[in-house]
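Worksheet for the structure shown next.
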Amino acid sequence: MATLAFPTPTAAAEPMHLPRNVEAEAAMLGAMMIDNRLADDLVDRLEPAHFYEPVHGRIFAAIKTLRSNDMLATPVTLRPMFEADEGMKELGGPAYLAQLTGSGAGLIGARQFATQIYDLAMLRALVSVGRTLVERAMDTSEEVNPRAQIEAAEEDLYKVAGDGGVENSVKSFAQATTMAVKMAERALNSGGNLSGVTTGLDSVNSKIGGMHHSDLMILAGRPGMGKTSLATNIAFNAARRWMRDMADGISPSESVGAKVAFFSLEMSADQLATHILAEQSGISSENLRMGKISKAEFGQLAAAAAELENLPFFIDDTGGLSISALHTRVRRLQRRHNNQIGLVVVDYLQLLTSGKGGNENRVQEISEISRGLKTLAKDMNVPVLALSQLSRAVESREDKRPMLSDLRESGSIEQDADMVWFVFREDYYTAQREPKRPMEGDDAKIFEDHAKWAADMERVYGLAELIVAKQRHGATGKVVLKFDPTITRFTDYAGY
């Protein structure tokens, strides 16, 4: 069982009436010292903090240390470790260790005692969370922010409730192979090449096999490359596939679509919706924003909006979220939607905060955020797609294609990610290199240079590369996509 997170106890906390069974703790420790095979089985189920009696917690820690070094854990070998222990002196000194082994009563029920010790520790943790919640709510000496207090309380409760224990995280090989076979069956039933959540782009699905549960995927690119548009396209495609699969009677477990939680830290919800409606109605997003549309186009827009009103696509555009607040909001959405949120998108990583104030430098903070996103993916068992900025080093190279070393501010992003994608549009840079436009009477060289540029522009216009720079599940490489800048839509490129 993993370590429980106990909030800082209040000064008024009185432990006398807290749930505990000191006798069970003593019996289990005695059994562990009598039979070290029991100790080997139990040391990973508990932590010292799970014991109500502090001395028992220290004895447990000492047993764990000895066994990890392949040494016998008996009253004799433990004695030197407690000669100066003040708490042990109050219980009669190191002789207390021998007393624990006196009856051997715990040999039969040691595993049951371990379960009870853990359950009682959880109850004490709940008491501590409740006391801390009351204390925070009563304290109005600082800024009153009830929403932040609610999120902090939810985070504390989740740490208690989500502490599922090591036993639950350990799977037999038979269980693991069953999961692997189900994943392969899902890929087969979807027509091949897709064992995870669909991106809606066949060429991308073929390259990565879909977005896999518990994976952290980083989508990075320089400004103007269309990374937000690509993430929005992918999220929309997954949500639309889910909606269609449900309409076709496909069970949620068999669907390769997903309900989507989209955290837009940069763009408002209505701006994001405008992008999606522009794509689906075929109307220029710029014209849509500026109202330059005809009545016929408005009809197309209304039809697209009506078709998508039940789309399982949930947008949170709260700015300045901390990584813990993000966890809280995802868990809340999961509860509201029967644990069916199947994809989380964060736009973008550098706009999150670690929530630890100004004590960290930026590299440490980004490292904390990337670890938090990977933890979110594993805890929720969903793919997390997080957008990221790239450093300006890209612009100083002749070849502007990004590399892993270009990920901005922290190498831990690359380390924590299961997949790293870069989106690159050569036409963006080619357009910036346009030479002087020829005019009547200009030198032939000017006409020649512009004609050569125009040919290059025609060759690359509307093409985008999705570069898979890291993939734990398969090979790296690139996929060429078609990009329509007027409606910000990425599609498969038939010519590739």
Q. Between I250 and E286, how many nm apart are label points set 7 Å from Cα along the C-beta direction?
A. 3.7 nm
Q: Might you work out the accessible area of M71 for me, using a 1.4 Å probe with all protein chains in place, and round it to the nearest 10 Å²?
A: 90 Å²
Q | Which listed pairs, of K378/K470; K64/K378; K374/K400; K207/K452, have C-alpha distances above 23 Å, in listed order | A | K64/K378; K374/K400; K207/K452
Q) Counting only the heavy atoms of the protein chains, how much of K482 is accessible to a 1.4 Å probe, in Å² to the nearest 10? A) 80 Å²
(Q) At a threshold of 8 angstrom on Cα-Cα distance, excluding pairs fewer than six apart, so keeping six or more, what relative contact order does the chain reach in percent? (A) 14 percent
Q.
Could you check the spin-label model distance between A273 and D119? Points 7 Å from the Cα along Cα→Cβ, value in nm.
A. 4.8 nm
**Q.** Whole-Hz ³J(HN,Hα) from phi, Karplus 6.51 cos²θ - 1.76 cosθ + 1.60, for segment 322-339, glycine and proline x
**A.** 8, 5, 6, 5, 4, 4, 4, 5, 5, 4, 4, 4, 4, 5, 5, 10, 6, 6
Q) Under a 1.4 angstrom probe, counting protein chains only, how are D44, D484, D416 ranked by accessible area, largest first? A) D44, D484, D416
Q) Taking 0.36 nm per residue of separation and subtracting the Cα-Cα distance, what length does fully extending E398 through D443 add? A) 13.4 nm
Q. For Cα Rg over 2.2 N^0.38 Å, the listed values are [x] 0.93; [y] 1.25; [z] 1.04; which was obtained by calculation from the structure presented?
A. [y]
Q: Please calculate the 1.4 Å probe accessible area of Y118, with all protein chains present, and give it to the nearest 10 Å².
A: 10 Å²
Q. Going by accessible area, probe 1.4 Å, with all protein chains left in place, what is the ranking of R433, R329, R392, largest first?
A. R392, R433, R329
Q) Loop-only check: which GluC sites (Glu not before Pro) in segment 277-366 are DSSP coil with at most 10 other Cβ within 10 angstrom? A) E309
Q: Please list, in chain and number order, the residues 5+ apart from F263 or on another chain whose amide H is under 5 Å from its amide H, with Hs placed from the backbone.
A: D316, V345, V346, D347
Q. Got a sec? What order do H212, H275, H50 fall in by accessible area at 1.4 Å, biggest, i.e. largest, first?
A. H275, H212, H50
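The values are calculated or read from the model by the stated rules, or taken from the named source; none is laboratory data. Model, not experiment: these values are computed from the prediction. Cβ atoms come from the backbone with ideal geometry, glycine included; neighbour counts cover every protein chain shown. The accessibility values were calculated without ligands, DNA or RNA, using every heavy atom of the protein model including side chains. Shrake-Rupley method; radii C 1.70, N 1.55, O 1.52, S 1.80 Å.
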